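*Asks:* Pasting a structure here, questions to come.
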Amino acid sequence: MLENFSSSDFGSSTRRRLPICFALDTSGSMMGIPIRQLNMGLQNFVASIKANDDTRNSTDIAIITFGSKVDIVMPFGKISKEKGLPEIKASTTLTPIGEGVLTALELLNARKEGYKEMGIKYFQPWLVVITDGAPQGPNAMQNMELAIKACNDLERDDKLVVFNIGVGNGVDFDLLKRLSIKREEPISINSTDFAKLFEFLGSSSSSIVSSGMSDDALYTMDTSPKGTAVDVDDFMKFIDEDE
């Protein structure tokens, strides 16, 4: 187990929790504008969570990055108005996506065990995978296949919601698509679309914890796939129509 738990880690609220783990690509191709936009989007997302009592008391966030190695940048913990967000940096050429996803799943599983120990109910965990490339590095494809199987098994049992997100044109969308058996196509964004993406994630998390939006609605968007992925604008249209 990757985490140790104490009652203080969960605060005094007994609200049902939504654990979200971000698995983020920090390979060399993310340097410059993409990583800056990613950081801004994350900051805005966390700020929106903190600004609302429902989401602040219900949403648990962890961040891992995968580059030359997998790092747990921010473990799960109670969100406070004072807690800042570490800056994500890109500085390598490797892309161990599979290892990153497997680590994220370990974190989510450990968090669920913590909820059970504390007697706290929880929503289906979210895994948000953002990459601009394809698996690279030692055992990269082997780990990717293990990650795909693990995600598929959890989704099949309604124990995980997967957001498989590709940035730009260098993504292996066919492989990224396989991370989810419920989403028809992965989500496709440009590096300038991170604000829209995190707005969508913020709106969705708020809808889940505040108004009981179903997990299936996060997959069955009333949109038509475009090529090998669904554009993030289609997801924003869904949110607009749902309000």
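The values are calculated or read from the model by the stated rules, or taken from the named source; none is laboratory data. Since we're looking at a predicted model, the values are computed, not measured. Here the Cβ positions follow ideal geometry from the backbone for every residue, glycine too, while neighbour counts run over all protein chains shown.
*Asks:* Would you check which residues across the stretch 136-181 are over 20 Å from G28 (Cβ atoms) and among the aliphatic types (A, V, I, L, M) and list them?
*Replies:* Within the stretch 136-181, L146, A147, I148, A150, L154, L160, V161, V162, L179, I181 qualify.
*Asks:* Separate question: Pairs, please: C-beta under 7 Å, at least 6 apart or cross-chain, first residue farther than 19 Å from L201 by Cβ and surrounded by fewer than 21 Cβ atoms within 10 Å (Cβ to Cβ) and in the stretch 53-74, second among the hydroxyl-bearing types (S, T, Y) and modelled with pLDDT under 90?
*Replies:* Taking only residues 6 or more apart or on different chains, the pairs are S68/T92.
*Asks:* Need pairs with beta-carbon distance below 7 Å; first residue in contact (Cβ under 8 Å) with a residue 12 or more places away in the chain and within the stretch 117-142, second among the acidic types (D, E) and part of a helix (DSSP H, G or I); sequence gap 6+ or separate chains.
*Replies:* Q124/D215
*Asks:* Hey, another quick one. Taking the residues in the stretch 178-198 that are among the basic types (K, R) and over 15 Å from the mean Cα position of the chain (by Cα) as candidates, determine which candidate is modelled with the lowest pLDDT.
*Replies:* K182
*Asks:* Looking at E145, E99, E106, can you tell me which residue is within 24 Å of K182 (Cα to Cα), modelled with pLDDT of 90 or more and either crowded, with 20+ Cβ neighbours inside 10 Å or of a type in the set (V, I, T) (or both)?
*Replies:* On the way: E145 fails: either crowded, with 20+ Cβ neighbours inside 10 Å or of a type in the set (V, I, T) (or both); E106 fails: either crowded, with 20+ Cβ neighbours inside 10 Å or of a type in the set (V, I, T) (or both).
The conditions single out E99.
*Asks:* Criterion first (assigned to a strand (DSSP E or B), under 17 Å from the mean Cα position of the chain (by Cα) and small (G, A, S)) does A62 satisfy it?
*Replies:* So A62 passes the test.
*Asks:* Separate question: Does A90 fit the bill of being buried (at least 20 other Cβ atoms within 10 Å of the Cβ) and either in a helix (DSSP H, G or I) or without any contact (Cβ under 8 Å) to a residue 40 or more places away in the chain (or both)?
*Replies:* So A90 fails the test.
*Asks:* Ok, one more. Mind checking which residues of the stretch 43-61 are of a type outside the set (S, T, Y) and touching a helix residue (DSSP H, G or I) at 6+ places or on another chain (Cβ under 6 Å)?
*Replies:* N44, F45, I49, K50, D54, R56
For every residue, the table says whether it meets (1) touching a strand residue (DSSP E or B) at 6+ places or on another chain (Cβ under 7 Å); (2) of a type outside the set (S, T, Y); (3) not in a loop (DSSP other than H, G, I, E, B).
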| residue | (1), (2), (3) |
| --- | --- |
| K50 | no, yes, yes |
| S68 | yes, no, no |
| V73 | yes, yes, yes |
| P86 | yes, yes, no |
| E113 | no, yes, yes |
| E117 | no, yes, yes |
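*Asks:* Still on this model: If D153 satisfies every condition in (1) of a type outside the set (G, A, S); (2) at pLDDT 95 or above; (3) touching a strand residue (DSSP E or B) at 6+ places or on another chain (Cβ under 6 Å) but one, which is the exception?
*Replies:* (3)
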